[in-house]
Amino acid sequence: MKKLMELMAEELASAFEKAGYDPSYGKVTVSNRPDLCEYQCNGAMAGAKAYKKAPFMIADDVVVYLKDSKIFSMAEVVKPGFINLRVREEFLADYLKEMEADPKYSVRTAETPKTIIIDYGGPNVAKPLHVGHLRSAIIGESIKRIGRYVGHKVIGDVHLGDWGLQMGLIITELKHRKPELVYFDDSYQGEYPQEAPFTISELEEIYPCASGKSKVDEEYRNEALEATHQLQQGKPGYMALWNHIMQVSVTDLKRNYSNLNVSFDLWKKESDAQPYIPDMVQMMKDQGFAYEDQGALVVDVKEDTDTKEIPPCMLLKSDGASLYTTTDLATIVERVKLFDPDEILYVVDKRQELHFIQVFRCARKTGLVKPETELSFLGFGTMNGKDGKPFKTRDGGVMRLENLIADIDEEMFHKIVENRSVKDQDAQETAKVVGLSAIKYGDLSNQATKDYVFDIDRFTSFEGNTGPYILYTIVRIKSILNRYKEEGGNLESGELLPAVNTSQKNLMLELTKFGSTIENAFEEKAPHKICAYIYEVSNAFNSFYHETKILSEENQGQKESFLKLLSLTKNILETSIDLLGFSAPDRM
Ligand code: ARG
């Protein structure tokens, strides 16, 4: 179905044409003076020059053809030449009926679905998830959901960091602590144990300890580098340990992500790309892209139009070791081979932008991807504490994701118990659901590229532009619908009637914007647009609710119409929050 804006623009275009002007002037925008009109057309001003006429004269000519419009109840010329517009209540009600019947509420399904791989999450195995990984997971998950909703084939890949020095560090620390383990016995020939020689909590303690030591102890660091190297060469005891580390970590990561309502189609890891490296490097050498520079193998990626220096892309270090860049390039090779994607989108901290510029340029230049394949980088900003510095624990340490979630849930629990008479048991569960909305909405409502302040007080508030406020609105609607059903009411009967007051009309107009909001959020990879939208819808609904008697409305047809509108509002809000990656409880 067409968008309301499109229908209006068609009507305007035809009026311009009938009046003898170019129809392309017939554009419509949402009014910036809601006190005067709902929509407006500025085409007469735009055309004034071309037609050498005063804008209001053009507008006067045009509105003649809008007099009997089935869409507009008002089309009025205002100096210097705006056309102010209002929509007919009947037309609006009919339009919403059509939306109600459309399973996607007017969102258009992509005509040529694309295969899009989203690389998000990006946790590093054996290191605890910290808040920095939160943004990637939240934003990536939302874009994946939006992409699927608009009809694309979207594949989410967690792209685990499993191949770096952290593995060598853990192995080294284990060796120091438990040298008797068979994994360190070079003469051992038997099978390695099934059971890991550590738990997840030990593992999480081992890494920071090892990393700390390596910073002050050169010998220790060299040992870890050597262990990393031997692991990458496939030393059996180390491979067995690596498998244990992976197993224990991945189980824990899956639990963490599932608490966040985040899921991945692929649990690929950096090491999966290693087998592609030798051929890829050889090809780059053979075709003359890669050359040696001070012992290292590099590919130039600078371009004439660069305003800042883009250093060459490094493939191999002088000792032959590969780098993060090499792994990312080889991962592209693998992705192309396995999925032939139209687009690969990386949702990663914006401080890695240069890395991705180099990787993308190198992949294009060397033909790893087809020219039409899109490689895109969505770099997100830092999550800061109230002091404007990267978010930390109270004592200044790195904030673990689990603790952050626990803090939010606790705060939510207090607010829920304070506000309402919900049983404790229920309140715990509800606090988790609402807490997740607080975190995700708090994050997603900011433009992804910007830094933002993680403010627990504000994010958990039931008032203002917050997740809990949106959920509160949905819960309010659900409870009215439930009471109606308890009274014996049937949501199937009746139909949406024209608005009876301004606040109802505003709500109806807001609902019509769902389709373009979602399509636009996908185009621009901008979940914050959905947040801004549902905040408007919630405000519009709450004004309507305060001004209108709904369940006590005596006219049955009118009451049914209100309930239809409530139900559509709820569906649109619930669909939207699902696209953002959270859900609403039944009560709160
Ligand atoms: N593991 C990396 C980190 O924590 C992020 C990985 C991002 N994805 C990628 N393909 N490089 O910084």
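No value in this document is a laboratory result; all are computed from the given coordinates. If you're wondering where the values come from, they're calculated on a predicted model, not measured in any experiment. We place every Cβ from the backbone using ideal geometry, glycine too, and count neighbours over all the protein chains shown.
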- Message: Classify the stretch 314-377 from the C-alpha gyration tensor, please: rounded if a/c falls under 1.5, else prolate or oblate depending on whether a/b exceeds b/c.
- Response: oblate
- Note on the structure: Whole-Hz Karplus couplings 3J(HN,Hα) for the stretch 321-335, θ = phi - 60° and coefficients 6.51, -1.76, 1.60, Gly and Pro as x, run 6, 8, 10, 3, 4, 4, 4, 5, 5, 5, 5, 4, 4, 5, 5
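Which of the peptides 140-148, 277-285 is most tightly packed, and how do the rest follow, judged by the mean count of other Cβ atoms within 10 Å per residue?
Working: 140-148: 24.3, 277-285: 16.2.
Peptide ranking by packing, descending: 140-148, 277-285.
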- Could you pull the Rg and Dmax for the stretch 4-87, using just the Cα atoms, both in Å? 11.2, 32
- Label point distance in nm, Lys370-Lys386, each placed 7 Å from Cα along Cα→Cβ: 5.4
- Message: Excluding same-chain pairs closer than 8 in sequence, count the lysine pairs in the stretch 165-259 whose Cα atoms lie under 23 Å apart.
- Response: 6
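Over 29 Å between Cα atoms, which of Lys104/Lys559; Lys269/Lys350; Lys27/Lys564; Lys27/Lys144; Lys317/Lys389 qualify? Walk me through the numbers before you get to the answer.
Details: Lys104/Lys559 25 Å; Lys269/Lys350 21 Å; Lys27/Lys564 31 Å; Lys27/Lys144 32 Å; Lys317/Lys389 34 Å.
With Cα atoms farther than 29 Å apart: Lys27/Lys564; Lys27/Lys144; Lys317/Lys389.
Determine the percent antiparallel among the DSSP beta bridges restricted to the chain, to the nearest 5.
Details: 22 of 43 bridges.
Among the beta bridges of the chain, antiparallel pairing accounts for roughly 50 percent.
Give the peptides 123-135, 515-527, 250-262, 173-185 in descending order of average Cβ contacts within 10 Å, highest first.
Working: 123-135: 21.8, 515-527: 19.9, 250-262: 16.8, 173-185: 15.2.
By packing density, highest mean first, the sequence is 123-135, 515-527, 250-262, 173-185.
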- Task: Provide, for q = 0.10, 0.11 Å⁻¹, the log10 of I(q)/I(0) from a solvent-free Debye sum over equal Cα point scatterers in the chain.
- Result: -1.00, -1.12
- Query: What do you get for Rg/Rh over the stretch 401-580 if you use C-alpha atoms and the Kirkwood form of Rh?
  - Reply: 1.00
